[in-house]
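All remarks here apply to the structure that follows.
The values are calculated or read from the model by the stated rules, or taken from the named source; none is laboratory data. For clarity, every value in this text was computed on a predicted model and none was experimentally measured. Heads up, the Cβs are rebuilt from the backbone with ideal geometry, glycines too, and the neighbour counts pull from every protein chain shown.
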Amino acid sequence: MPAKTSGKQNKGFKPGTSGNPSGRPVGSRNKATLAIEALLDGQAEGLTQKAIELALEGDLGALRLCLERICPPRKDRPVSLHLPDVQTASDCVQVMAELLKAVGAGDITPEEAPKLSTLIEIQRKTLETQELEQRISDLEKGKGEHYAIASPYQET
């Protein structure tokens, strides 16, 4: 009968640790990328010229490649909207409503609206934080009488 060795075997790394705790060195490059760059070293000009020649001869793939390098597709466009000024966190409600109207009117696309609403949300959080800091400062200075909140446990 063979001896049980399951408890004696090296299980590898302890949970939560790896074989390389410091990770991949900063600036290290992929070996395949380095090999391709070594093969293409000094050939970039010739390859570019060949792609241009093929594009001029009507090769659609080469033409697409050249045009994408000359004029890459735009990732976004400038948006011009008239939105109300935001002075307090509660003003953001009106700005969001205007943003929704702009989508409905076709002034901005549904894909652009979330990006803009993220900016509005950041502004709201900033204003809210500023308001809270002011309230805390007033409370610490003893000016917080107008911030007093009635306790739900007090009899009225």
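Would it be correct to say that residue 26 is touching a Cys at 6+ places or on another chain (Cβ under 7 Å) and at negative phi? Before the answer, list the steps.
Numbers: touching a Cys at 6+ places or on another chain (Cβ under 7 Å): no; at negative phi: yes.
In short, no.
Need a quick list: helices (runs of 4 or more DSSP H) entirely within the range 38-156 having at least 3 residues that are modelled with pLDDT of 90 or more. Don't jump to the end; show me each part of the working.
Numbers: elements: 44-56, 60-70, 92-105, 112-140.
Because the criterion is at least 3 residues that are modelled with pLDDT of 90 or more, the helices (runs of 4 or more DSSP H) in the range 38-156 that meet it are 44-56, 92-105, 112-140.
Looking at this structure, is residue 49 surrounded by 14 or more Cβ atoms within 10 Å (Cβ to Cβ) and polar (S, T, N, Q)?
no
Taking the range 88-139 as the region of interest, how many residues are under 17 Å from residue 77 (Cα atoms) and not polar (S, T, N, Q)?
Number of matching residues: 14.
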